[in-house]
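Presented below is the structure to which this report refers.
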Amino acid sequence: MSTPSPTHPKPGVLDLVREDLRAFAGYSSARSHKVEGTVWLNANESPWTNAADGAGALRRYPQPQPDALRARLAEVYGVRPEQLLIGRGSDEAIDLLVRALCRAEHDPVVIAPPVFGMYAVCARLQGAPIIEAPLRDYADGWIADLAAMRDLATARRAKIVFLCSPGNPTGELIPLAAIRAMAQMLVGRALVVVDEAYIEYADAPSAASLIDEYPNIAVLRTLSKLHALAGARIGCLLADPALIEVLRRCQAPYPVPEPCAALALRALSPEALAQASERAARIRAERGRMLAALQSLAGVRRVYPSAGNFLLARFDDAETAYRRLLAAGVVVRDMRASPGLGDALRITIGTPDENDAVFAALQPVEAAA
């Protein structure tokens, strides 16, 4: 199959964007147009550096989409630079998508709870109706009801369907074939957004490979997890170039701070990527060990298989388990306010020593003694 020209996107992708934003120009910042010069007097910046910034690296506004970082991220994720938008974590991309595609009180989004809460938060802030197709809790783990999501999206004319794969907090990995089938059924109707924040821990192919074939697929990626840059807030959206252009015009003028961009570029060096790959393998090994260890404990009702860097566990007494962990200095995610998870905690996979601390804190008192 030939690769479509980035200047001639497949028809239909812009039809999903709010009509009033399709030709929206956005804010034209001082760095929006690439010009050359030696005396820069176009952005009302200070002519002097701050004493805390001895090298003067931060006196100027940064590139809205740093070229070198964008090219490197595109290479790592297997897309073209024009198919990638850098933002503040993947959270900003979620917000941009909902604002750009959904008219308040008119265009719904479809989610599958229990799932990452930012999809619903961004929808509520935009006034977009939220349609829920709850995950199914089967004997072999949580499963997204993709047929229900598709049918609801079609019947209610939803603009966005959010798929989290691996799912947070459930750990479910959605097969690529199922994502393709969903996108095929919703061509021209809805954008299928695949959140792959944890995909490196699954050692599975990315849905980004489907974007050229299905322009109604968008993929969220982040450097916050495996790449250990949560504090730098670097994430990106992979999507059809026409959609990327629209979202860039809706984005804040300077979303990527210069120090964060430079740090992210160093974190994507071949050496750093090799280390990240090795750490992903270690996490997978520890995940298997912790799954078996937790399942052996009295009071642990169930531990779900996971393709992410975490495990979701149900307890006979989740309150006591949570307090015992805190007493040992171990902080886990209390999931009891989430639908269907009134007895559950989510435990991130840490170092072997950190994981041993979890196991020790949850041991029955008589065993620990």
(Q) Whether any residue in region 262-269 is crowded, with 16+ Cβ neighbours inside 10 Å, in contact with a strand residue (DSSP E or B) (Cβ under 8 Å, 6 or more places away or on another chain) and in the same structural domain as residue 138 (by TED's automatic domain parsing) is what I want to check. (A) no
(Q) Among the listed residues 111, 86, 94, identify the single one that is touching a Pro at 6+ places or on another chain (Cβ under 9 Å) and surrounded by 15 or more Cβ atoms within 10 Å (Cβ to Cβ). (A) 86
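Would it be correct to say that residue 264 is closer than 16 Å to residue 90 by Cα, of a type outside the set (Ser, Thr, Tyr) and modelled with pLDDT under 95?
no
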**Q.** Selection from region 139-154 of residues that are crowded, with 19+ Cβ neighbours inside 10 Å, without any contact (Cβ under 8 Å) to a residue 40 or more places away in the chain and in contact with an Asp or Glu (Cβ under 9 Å, 6 or more places away or on another chain)
**A.** 144
(Q) Suppose we filter 124, 136, 157, 180 for residues that are touching a Leu at 6+ places or on another chain (Cβ under 6 Å) and surrounded by fewer than 20 Cβ atoms within 10 Å (Cβ to Cβ); which single one remains? (A) 180
Q.
Let me confirm something: among 73, 41, 58, which residue is under 24 Å from residue 118 (Cβ atoms) and in the same structural domain as residue 262 (by TED's automatic domain parsing)?
A. 73
Q. Are any residues in region 203-224 free of Cβ contacts under 8 Å to residues at least 40 places away in the same chain and assigned to a loop (DSSP other than H, G, I, E, B), and if so, which ones?
A. 205, 214
Q: State which residue is farthest from residue 187 (Cα to Cα) when the search covers only region 10-50 and only residues that are among the aromatic types (Phe, Trp, Tyr) and modelled with pLDDT under 90.
A: 40
**Q.** Only one of 68, 43, 57 that is exposed (fewer than 14 other Cβ atoms within 10 Å of the Cβ), within 23 Å of residue 277 (Cβ to Cβ) and in contact (Cβ under 8 Å) with a residue 12 or more places away in the chain
**A.** 68
Q | For residue 74: the one exception among (1) loosely packed, with under 15 Cβ neighbours inside 10 Å; (2) among the small types (Gly, Ala, Ser); (3) assigned to a helix (DSSP H, G or I) | A | (1)
Q: Would you tally the residues in region 339-359 being out of contact with any strand residue (DSSP E or B) (no Cβ under 9 Å at 6 or more places or on another chain) and either assigned to a strand (DSSP E or B) or surrounded by 14 or more Cβ atoms within 10 Å (Cβ to Cβ) (or both)?
A: 4
Q: Could you check, for region 72-85, whether at least one of its residues is at pLDDT 95 or above and on the phi > 0 side of the Ramachandran plot?
A: yes
Q: Say whether the condition of being basic (Lys, Arg), without any contact (Cβ under 8 Å) to a residue 60 or more places away in the chain, in contact with a strand residue (DSSP E or B) (Cβ under 9 Å, 6 or more places away or on another chain) and not assigned by TED's automatic domain parsing to the domain that holds residue 61 is met by at least one residue in region 306-323.
A: yes
Q) Is there any pair linking a residue in region 14-30 that is basic (Lys, Arg) to one that is assigned to a loop (DSSP other than H, G, I, E, B) and surrounded by 10 or more Cβ atoms within 10 Å (Cβ to Cβ), with Cβ under 6 Å and at least six apart or on different chains, and which? A) 18/103
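The values are calculated or read from the model by the stated rules, or taken from the named source; none is laboratory data. These figures come from a predicted structure and were not determined experimentally. For neighbour counting, all protein chains shown are included, and Cβ atoms are generated from backbone atoms with ideal geometry for every residue, glycine included.
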